[in-house]
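A.B. asks: Below is one structure. I have some questions about it.
What follows is calculated from the coordinates using simple rules that are stated; it is not laboratory data. For clarity, every value in this text was computed on a predicted model and none was experimentally measured. Every residue, glycine as well, gets a Cβ built from its backbone with ideal geometry; the counts of neighbours run over all protein chains shown.
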Amino acid sequence: MDNIPYPPFSGGFSALWFAQMEAAFDANLVFDEIDKYKYTIAHVPTTYLSLIQDFILNPPDVEDVYEAFKHEFIKRLTIQHVKRQPYGNEKPSEYLRKLRKIAGGRVPEDIVLNTWRNNLPENVRQILSVDNTRTTDQMCELADMVTAMSAPVPVPTPSAQETSEKAKMQARLQALEKRVGIIIQRYIGGEHMLGLAEQPPPPAQNRLPMLER
């Protein structure tokens, strides 16, 4: 059995990995539960075994110890996958369906729902916490509605032609403002010159008296 290559364990598709291991057991006539259990934990990295170290350090006194280990290990690993699944841009109802798909019936529903609620945006969580009597379908419907109402309104991006036309219009306005400013300056200057031309001569008392003959 030691000469048979084992499938590497990466943490994902654990049920498929166990199926590969069991195929290797059958091919090498390994049917004893304890032997299968020992071969399995010997080829799972310690990082993943830490999820189930209580089972390994104190295995239950049962005949099908391998089956018990497989069931509990897949369950705990799946719970970890569910809890690490972040909330993205999808609807809350779609996010819950995704979590349930990952759980695959191996994770208790309360863990899936708690993960779902805890990962939703804060404003959605606050509204859902007001009434705890709603069913799961009602919570999904309410969460979808709040998320849709909170979504920002998309601002249309102007096309290249619209941008070009806007730039041309701004240039025309600037040129027109400049021309108006020149006209106003000329008008003010003309009024000033006209006012000087219409001023009366100085008063007579400032003139010198004429000499008598």
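A.B. asks: Which order results if 73, 31 are arranged by neighbouring Cβ count within 10 Å, fewest first?
C.D. replies: Neighbour counts put them in this order, fewest first: 31, 73.
A.B. asks: Oh, and also: Alpha carbon centre of the stretch 99-143 versus the stretch 31-53: separation in Å?
C.D. replies: That distance is 34 Å.
A.B. asks: If you don't mind, another one. Roughly what % of Cα-Cα distances in the stretch 14-82 sit above 15 Å, to the whole percent?
C.D. replies: Result for the distance tail: 51 percent.
A.B. asks: Compute the Rg/Rh shape ratio of the stretch 85-150: radius of gyration over Kirkwood radius, all on alpha-carbon atoms.
C.D. replies: 0.94
A.B. asks: Continuing with the same structure: In which sequence would 130, 107 go, from the one with the fewest C-beta neighbours within 10 Å to the one with the most?
C.D. replies: 130, 107
A.B. asks: Would you list, by chain and number, the lysines whose Cα falls below 25 Å from the Cα of residue 178, excluding same-chain residues fewer than 8 positions away?
C.D. replies: List returned: 166, 168.
A.B. asks: Right, another one. Listed here are the pairs 70/98; 36/98; 70/91; which of them are more than 30 Å apart at the Cα?
C.D. replies: With Cα atoms farther than 30 Å apart: 36/98; 70/91.
A.B. asks: Got a sec to turn the phi values of the stretch 30-43 into Karplus ³J(HN,Hα) couplings, 6.51 cos²θ - 1.76 cosθ + 1.60 with θ = phi - 60°, whole Hz, x for Gly and Pro?
C.D. replies: Taking θ as phi minus 60°, the curve returns 9, 10, 6, 4, 5, 4, 5, 4, 5, 4, 5, 5, 6, 10 Hz for the stretch 30-43.
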